[in-house]
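The values are calculated or read from the model by the stated rules, or taken from the named source; none is laboratory data. As the structure is a prediction and not an experimental result, all values here were calculated from the model. Neighbour counts run over all protein chains shown; Cβ positions are idealised from the backbone, glycine included.
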Amino acid sequence: MSGGPALRAATPLDAGRIGALFSAFVDDNDWMPRLHTRAEDVAHAGTLISRGWVTVADDAAGFLARDGEVIHALYVHRDRRGEGLGSALLAAAKEQSDRLRLWTFQANARAQAFYLARGFTESLRTDGRTNDERLPDIEYIWRRDP
């Protein structure tokens, strides 16, 4: 990707920065309950990295965690949003799969607009009864055009 952000596989040394992105998201959104300590966020990041699921952009200013077609997380540091990091991470995931799916919370209008603008379509809404946060959410699907 010429001129775009540098993307690479995450290493264990990235766990602190990735965990901090999880924590910052909770801090920045008053509708999001804090279920885990900051240390637990770092440990969770370490688990995702050890599974080989995480790609980072610009030394972990943003990351995407994906297992096959399932995107588990896509976060960009608040000060780096709008620079194309999330788009680059998502484009790289699309290059590796014919289908992607993910969930976002109904309260996260910014994420919804981001995914819709990049070809995802809504496939399901829930009342949040089955997620850890107990927040209404939306499943999005992307399929490569035949």
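Hey, any hits in segment 104-119 for a residue that's in a strand (DSSP E or B) and either within 15 Å of the chain's Cα centre (by Cα) or on the phi > 0 side of the Ramachandran plot (or both)?
Yes, segment 104-119 contains at least one residue that is in a strand (DSSP E or B) and either within 15 Å of the chain's Cα centre (by Cα) or on the phi > 0 side of the Ramachandran plot (or both).
Restricting to segment 117-140, and then to whatever is hydrophobic (A, V, I, L, M, F, W, C) and free of Cβ contacts under 8 Å to residues at least 24 places away in the same chain, can you tell me which residue is surrounded by the fewest Cβ atoms within 10 Å (Cβ to Cβ)?
That would be Ala117.
Confirm whether Asp58 is at pLDDT below 95 and either of a type outside the set (Ser, Thr, Tyr) or touching a His at 6+ places or on another chain (Cβ under 8 Å) (or both).
Answer is yes for this residue.
Considering only residues that are out of contact with any Lys or Arg (no Cβ under 7 Å at 6 or more places or on another chain), crowded, with 19+ Cβ neighbours inside 10 Å and farther than 16 Å from Leu7 by Cα, which ones fall in segment 72-103?
Correct list: Leu102 only.
In this structure, does Leu100 turn out to be part of a helix (DSSP H, G or I) and among the aliphatic types (A, V, I, L, M)?
no
Could you check how many residues of segment 1-39 are modelled with pLDDT under 95, more than 17 Å from the chain's Cα centre (by Cα) and surrounded by 13 or more Cβ atoms within 10 Å (Cβ to Cβ)?
1
Applying the selection to segment 40-57, what residues are buried (at least 18 other Cβ atoms within 10 Å of the Cβ) and of a type in the set (Ser, Thr, Tyr)?
Across segment 40-57, the qualifying residue is only Thr55.
Looking at segment 19-36, can you tell me whether even one residue there is free of Cβ contacts under 8 Å to residues at least 40 places away in the same chain, over 19 Å from Arg134 (Cβ atoms) and of a type in the set (Lys, Arg)?
Among the residues of segment 19-36, not one is free of Cβ contacts under 8 Å to residues at least 40 places away in the same chain, over 19 Å from Arg134 (Cβ atoms) and of a type in the set (Lys, Arg), which makes the answer no.
Going by the structure shown, is Ala61 exposed (fewer than 12 other Cβ atoms within 10 Å of the Cβ), over 17 Å from Glu139 (Cα atoms) and either small (Gly, Ala, Ser) or in contact with a Gly (Cβ under 8 Å, 6 or more places away or on another chain) (or both)?
no
For residues that are touching a Pro at 6+ places or on another chain (Cβ under 8 Å) and among the hydroxyl-bearing types (Ser, Thr, Tyr), tally how many sit in segment 19-70.
1
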